[in-house]
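> For reference, the structure I am asking about is given below.
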Amino acid sequence: MSADDRNLRQLEILRAVVRHRTTVAAARELAVSQPAVSGTACVLAAAGVGAAVVDPDSPRQGGHAALVTRPFLPATPAVACMLWSEARPLSRLARAFLEEIGAVSRQAP
């Protein structure tokens, strides 16, 4: 992909985020992953195009160490789901992970 094509794709992703106001909806419209949309936001912020609100892992995963990150205070709650197939039972390790996450989440304020 040429630099011009990449820039056009980044602009297309940015426009979808602005239109939908969420990275999830933009990703769905463009048939890309939500992390790809957040990654594009990081690339654009690193280039000085503006600022972005993304999950705290996106800048690190994309190798954008030079970006300034600031958490929201007070912390905003996060919702997550664990998925697995109905056709296969959970492995022992996955079941232990699910139990541990459940125990930790019940301790959260």
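FYI, it's all coordinate maths here, none of it is from the lab. In this text the structure is predicted, and so the values were computed from the model without any measurement.
> Given the rule -39500 (n - 2.57) for each run of at least 4 DSSP H residues, summed and divided by the residues of the chain, what is its mean residue ellipticity at 222 nm, to the nearest 500 deg cm²/dmol?
Working: 5 runs with 60 residues, N = 109.
It comes out at -17000 deg cm²/dmol, rounded to the nearest 500.
> What ratio of Cα Rg to 2.2 N^0.38 Å holds for the range 3-61?
Values: Rg = 10.5 Å, N = 59, 2.2 N^0.38 = 10.4 Å.
With N residues counted in the range 3-61, Rg over 2.2 N^0.38 Å equals 1.01.
> Right, something else. Computed over the Cα atoms, what is the radius of gyration of the chain divided by 2.2 N^0.38 Å, N being its residue count?
Values: Rg = 17.5 Å, N = 109, 2.2 N^0.38 = 13.1 Å.
Expressed relative to 2.2 N^0.38 Å, the Cα Rg reads 1.33.
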